[in-house]
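Engineer: Sharing a structure with you now.
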Amino acid sequence: MQKPASYRPSMSRRWWLQHQHFVLYMLREATVVPLVFFAGCMIAGLWALNSGAEAWVSWQAFMANPLVILINLLTLAASLFHAATFFPLMPRVMPIRIGAKTLPVNAIVGGMWAVVAIIAIALVAYFIWRA
Amino acid sequence: MSQTKSIRVQRYLPEQEPEPFWQNYEVPFDESTSILDALNYIKDELDNTLSYRWSCRMAICGSCGVMVNGIPKLGCKTFLREYGTRVDISALAHFPVERDLVVDMDIFMEHLEAVKPYIIDKSKGRPTGESDTYRQTPAQMARYHQFSNCINCGLCYAACPQFGLNNQFLGPAAITLAQRYNLDNRDKGKRERMAALSEHDGVWSCTFVGFCSTVCPKHVDPAAAVNQGKIEAAKYTLINLLNG
Ligand code: SF4
Ligand code: FES
C-alpha cells in the first residue's frame, strides 16, 4: 500500500531548553566536566609523587591555589547533585524484592545517603586524627 | 458551559498547504472537558475537516496521544481546566505526521514486533492447555506486572530525545515489553530477545533522560525497564564473549 504524503518534524537544536526536565538532564550530564578536572588533578598528583620531592611540592602548591580549591568545591557540589539525581533511580532499576513485596524507594535512597555520610565522616575523622 | 477557551490546533493538510499551520478555535468548557472533548466539539460543531484519533475515551486504547503545549498527553486523560490561556495541540512528536493530529506509527509497531512480545516456550514439559496450564504465584507476577500495563500509546516515544534523533532506537515501550516477558516465569524466550536489545539501537541508545517515565499515563516506568535491560544486555554480551 502506498503511504500517504507525510510531514516529518525535525528536532530543534534547542530541544533541551523546552522543558525543565531536559534542562536538569543536561545539567546532570554536565557534572562530568568538573569531575574530569578533578580526575586530572589526581593523576597529576600521582605523577608528581613518582617524580620526586620538587614536583610533589609544586603539585601541593597548585592544589592550594584558591582558584583550584574553588573549582574542586564546584566538583564536590556537582557530584552531590549527580548523586541526588541518581540515587532515586537505583531502586527502580534494581528493585529489591522480599516475597511479593518491594522494598520502599525511600528506604533504599536513605540507605545510600547513609553510606555516603558514613564514608565522609570516617574520612574526615581519619584526617583529623592524623593531623 | 458558559466559559470558553481559545485553542490552537496544528493543522497539516498536504493537498492544501505543504507546511503545517496553526488554527484557532473557541471551545466552551467546564471542569469535566477533556482535550479530546474539545477536539470532538471542534469536529462536530466548528470544523469537520479536522483529523485526529481516538476510541475508548478512558485511557485504555492508547490512540488519542497528542502534544499539549509541547508535552505528550492522552487527550482523554487531560483536562482543559489544567491549562491557562495557552492551549496548543499538535501531533505526537518524533513521528511523521500524515494529517493534522494523525501520525504514522509504523516504526513504533516494527520496534514492538522486533522484541517478540509474547510468551516463548519451546520446552518439552510446557503445558498443553485444557486442564494443563501454567502456574504463576502472586510474587512471580509482581516481578513484571507494572510493565504489562502499557497501552502502546507512544507518548514515551514523543518524550524521548534519543528516539527523536534516531528513530531506529527500539525505544522505551518496546524495551519495556521485552523486559516484561523476560521477567515472566512462563517465558523461556529471553535469549531470542537479547540480540536485538543488546545492539547499539537497543538499550545502549538510552542515556537515561527519564522523561518517558514522567509522561507515561499508566505509570509503567519505561526508563526503569530500559535500564534493567542494560544490566541484562551487559550480562548477555559478557556470556557470549566468554562462550566465544
Ligand atoms: S510505556 Fe507508557 S507512555 Fe510508553 S507506550 Fe506504554 S503506556 Fe504509553
Ligand atoms: S481515547 Fe483511548 S486512550 Fe484516549
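The values are calculated or read from the model by the stated rules, or taken from the named source; none is laboratory data. Here the structure is a predicted model, which is why all the values come from computation and not from measurement. Positions of Cβ are backbone-derived with ideal geometry, glycine not excepted, and every protein chain shown enters the neighbour counts. Side chains included, ligands, DNA and RNA excluded: accessible areas come from the protein's heavy atoms. Shrake-Rupley method; radii C 1.70, N 1.55, O 1.52, S 1.80 Å.
Engineer: Quantify how strongly other chains surround peptide A:48-56 by giving the mean number of their Cβ atoms within 10 Å of each of its Cβ atoms. Walk me through the intermediate numbers first.
Structural biologist: Details: counts 0, 0, 0, 0, 0, 0, 0, 0, 0.
Per-residue shielding by partner chains comes out at 0.
Engineer: Once the dipole of region B:106-242 is set up with Lys and Arg at +1 and Asp and Glu at -1 on Cβ about the Cα centre, which of B:ALA173, B:ASN149, B:ALA233 lies farthest towards its positive end?
Structural biologist: Most positive-ward Cα: B:ALA233.
Engineer: Here's another thing I want to ask about it. Which value, in Å² rounded to 10, gives the accessible area of B:GLU232 with a 1.4 Å probe and all protein chains present?
Structural biologist: About 40 Å², rounded to the nearest 10.
Engineer: Another one. May I ask you to order B:123-129, B:92-98, B:23-29, B:183-189 by the average number of other C-beta atoms within 10 Å around their residues, highest value first? Present the calculation step by step, with values, prior to reporting the outcome.
Structural biologist: Details: B:123-129: 8.3, B:92-98: 22.6, B:23-29: 16.0, B:183-189: 17.9.
Per-residue mean Cβ counts within 10 Å order the peptides as B:92-98, B:183-189, B:23-29, B:123-129.
Engineer: How much mean residue ellipticity at 222 nm does chain B get from its helices, if each DSSP H run of length 4 or more adds -39500 (n - 2.57) and you divide by all residues, to the nearest 500 deg cm²/dmol? Mind showing how you got there, number by number?
Structural biologist: On the way: 9 runs with 78 residues, N = 244.
It comes out at -9000 deg cm²/dmol, rounded to the nearest 500.
Engineer: Further question on the same structure: Can you give me the pair-distance distribution of the protein assembly as shown, C-alpha pairs, 10 Å bins, whole percents?
Structural biologist: Per 10 Å bin, starting at 0, the Cα pair percentages come out as 4, 17, 24, 22, 17, 10, 4, 1, 0.
Engineer: A further question follows. Ignoring everything but the protein chains, give the 1.4 Å probe accessible area of A:MET63 in square angstrom, nearest 10.
Structural biologist: 40
Engineer: Under the Karplus relation 6.51 cos²θ - 1.76 cosθ + 1.60, θ = phi - 60°, what is the ordered set of whole-Hz ³J(HN,Hα) values for region B:147-159, x standing for Gly and Pro?
Structural biologist: For region B:147-159, the Karplus-derived couplings read 6, 8, 7, 5, 10, 6, 7, x, 4, 5, 6, 5, 8 Hz, x marking Gly and Pro.
Engineer: Among B:GLU110, B:GLU17, B:GLU130, determine the one that fluctuates most according to a GNM of chain B built with springs between C-alpha atoms less than 10 Å apart.
Structural biologist: B:GLU130
Engineer: A further question follows. Place a +1 charge on the Cβ of each Lys and Arg in region B:106-242 and a -1 charge on the Cβ of each Asp and Glu, then give the dipole magnitude about the Cα centre in debye, rounded to the nearest 20.
Structural biologist: On the way: 15 positive and 13 negative charges, 104 e Å.
So the magnitude is around 500 debye.
Engineer: Mind checking which of B:PHE21, B:PHE169, B:PHE211 has the largest fluctuation in a GNM of chain B, springs on alpha carbons under 10 Å?
Structural biologist: B:PHE21
Engineer: Round to the nearest 0.05 the FRET efficiency obtained for B:GLU199 and B:THR4 when R0 = 51 Å and r is the Cβ-Cβ distance.
Structural biologist: Details: r = 51 Å, r/R0 = 1.00.
Using R0 = 51 Å, I get an efficiency of 0.50.
Engineer: Could you work out, residue by residue across A:17-30, how many beta carbons of other chains sit within 10 Å of that residue's beta carbon, and then give the average as an integer?
Structural biologist: Details: counts 0, 4, 7, 0, 7, 5, 0, 2, 6, 1, 0, 4, 3, 0.
Whole-number average of other-chain Cβ neighbours for A:17-30 is 3.
Engineer: Strictly under 4.7 angstrom between C-beta atoms: which cysteines of the protein assembly as shown have no such partner?
Structural biologist: A:CYS41, B:CYS64, B:CYS76, B:CYS150, B:CYS153, B:CYS160, B:CYS206, B:CYS216
Engineer: Restricting to lysines 8 or more places apart or on different chains, can you count the pairs in the protein assembly as shown with Cα atoms under 16 Å from each other?
Structural biologist: Summing the qualifying lysine pairs gives 10.
Engineer: Turning to a different aspect of this structure: Using alpha-carbon positions, what is the distance between the centroids of region B:85-124 and region B:174-239, in Å?
Structural biologist: 17
Engineer: For peptide B:89-95, what's the mean number of Cβ atoms from other chains within 10 Å of each residue's Cβ?
Structural biologist: Mean shielding count: 2.
Engineer: OK, next. Consider a paramagnetic label point 7 Å from the Cα of B:ASN149 along Cα→Cβ; state which residues of region B:65-87 have an amide N under 11 Å from it.
Structural biologist: Residues passing the 11 Å test: none.
Engineer: Any idea of the total accessible area buried by the B-A contact, 1.4 Å probe, rounded to 100 Å²?
Structural biologist: Details: alone 12860 and 10980 Å², together 21530 Å².
Buried surface at the B/A interface: approximately 2300 Å².
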